[in-house]
Amino acid sequence: MDEPTTRYNADKTEWDRIAETAAFKDLMATKRAFIIPAVVFFVIYYFMLPTLVGYAPQFMATKVIGVVNLAYLFALSQFFMAWTVAWLYVRAANNFDSLAKDIIKEAESQGRAPEVR
């Protein structure tokens, strides 16, 4: 159960040096380029339902199929939107992981060998 894993451990000065590299800054910029727009989009999308129900109740009460109205469809769409954003993040995270592995390999080649914990 407690299998040792290989993990690169660094003291504070090494992490400071790594944080100053162009590769690390590129990783952080890449993450920000995805995460910030995704969060902003999702928060706006999430709060559109109560806003529209509050300010345009007649519009949201428009029947689409039988007793199902726009408000119900919009509420259901939020589940699909959350799953879509999560799926997109998983795809983007694969790129983040690849960039992080490159940074770790570079740090290992310049610093001490990884320690087993």
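Read the figures in this text as sums done on the coordinates, not as results from a lab. Keep in mind that what you see is a predicted model, and the values were worked out from it rather than measured.
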| note | Residues whose modelled amide H sits under 5 Å from the amide H of Asn69, counting only those 5 or more places away in sequence or on another chain, are Val64
| message | Which of rounded, prolate or oblate describes the stretch 39-109 when judged by the alpha-carbon gyration tensor and an a/c cut-off of 1.5? | response | prolate
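On full extension of the chain, what length is gained from Lys63 through Lys105, given 0.36 nm per residue of separation minus the C-alpha to C-alpha distance? Could you put the intermediate results ahead of the total?
Numbers: separation 42, 0.36 × 42 = 15.12 nm, distance 5.77 nm.
Value of the extension gain: 9.3 nm.
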